[in-house]
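Notes for the one structure printed next.
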Amino acid sequence: MLILGVESATAQVGCAVGGHEGVLASTHSARGKRHAESLAPQIEFTLSQARVDISEISVVAVDVGPGLFTGLRVGISTAMATAFGLGVPMIGVSSLDLVAFPLRHTRRLIAATIDARRGEVFTAFYRQVPGGLQRVTEPHVVTPDDLYGELQAASTETIVVGDGALRYREKFSSITKVEVADESLAYPSANSLVALAHARALREDFVQPAQIQPLYLRRPDAEVNWQTRPER
């Protein structure tokens, strides 16, 4: 079983190919708002590096958010079109699950935090359990001050990870029992996407392409700006 993973929820866009042997090849880039230009060439390049033909893909996995509206639309539409064209099922994974995944071996509480712009962050908390991580709060959007309060209220040591953690590093790291994770863990990874999707694929936890639903948590910036602009 070969899985194509497509990730585009943040400033970074990427894809990976893998299966029971692990990740065979992956590509990531962060070029501002150029997701639409980057993704298709990345998929083609990654498949060639893995020496895999697109017809060999049996599952398409995609990051469903939360994240930046335009990036999510690009990634999800590309992944859905690919799955439709191949006639294969899909697996959707939360961007916050992907951010938390590299820290699955820590015994500390994990606060996955993605910069939502507009002075807000997307976040969810995780803890280690046998075999991986368990999400202990639902994904939600809050101000950095609100998250600061949640971190202060936590009864255990916490590591905050993601580009939202880095943007507000000074605020969060001022809490004695809180550590901000390294810059190398700032973005959701397509490698993590393939790993998490493979575990679900073994359980046949699939959906059809039309069933994939993005997790936005709030309205897009353009819609808010239009509705709040002054009357002419």
Okay, strands (runs of 3 or more DSSP E) sitting entirely in region 127-205 with 1 or more residues that are of a type outside the set (Phe, Trp, Tyr), out of contact with any helix residue (DSSP H, G or I) (no Cβ under 8 Å at 6 or more places or on another chain) and free of Cβ contacts under 8 Å to residues at least 12 places away in the same chain, I get 132-135
Residue 65: passes all of (1) assigned by TED's automatic domain parsing to the domain that holds residue 205; (2) at pLDDT 95 or above; (3) more than 15 Å from residue 140 (Cβ to Cβ) but (3)
Selection over region 81-116 where residues are small (Gly, Ala, Ser) and in a loop (DSSP other than H, G, I, E, B) yields a count of 1
Among (1) assigned to a loop (DSSP other than H, G, I, E, B); (2) surrounded by fewer than 18 Cβ atoms within 10 Å (Cβ to Cβ), residue 11 falls short only on (2)
Exactly one of 36, 79 is more than 19 Å from residue 18 (Cα to Cα) and among the hydrophobic types (A, V, I, L, M, F, W, C), and that residue is 36
Those residues of region 26-49 that are under 13 Å from residue 191 (Cβ atoms) and either surrounded by fewer than 19 Cβ atoms within 10 Å (Cβ to Cβ) or aromatic (Phe, Trp, Tyr) (or both) come to a total of 1
Quick check, is residue 30 within 19 Å of the chain's Cα centre (by Cα) and either in contact (Cβ under 8 Å) with a residue 24 or more places away in the chain or in the same structural domain as residue 124 (by TED's automatic domain parsing) (or both)?
-> yes
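Rundown of residues vs (1) assigned by TED's automatic domain parsing to the domain that holds residue 24; (2) of a type in the set (A, V, I, L, M), yes/no style:
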site: 45; (1), (2): yes, no
site: 72; (1), (2): yes, yes
site: 84; (1), (2): yes, no
site: 106; (1), (2): no, no
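The values are calculated or read from the model by the stated rules, or taken from the named source; none is laboratory data. Nothing here was measured: the structure is a model prediction, and the numbers come from that model. Reconstructed Cβ throughout: ideal geometry from the backbone, glycine too, with neighbour counts over all protein chains shown.
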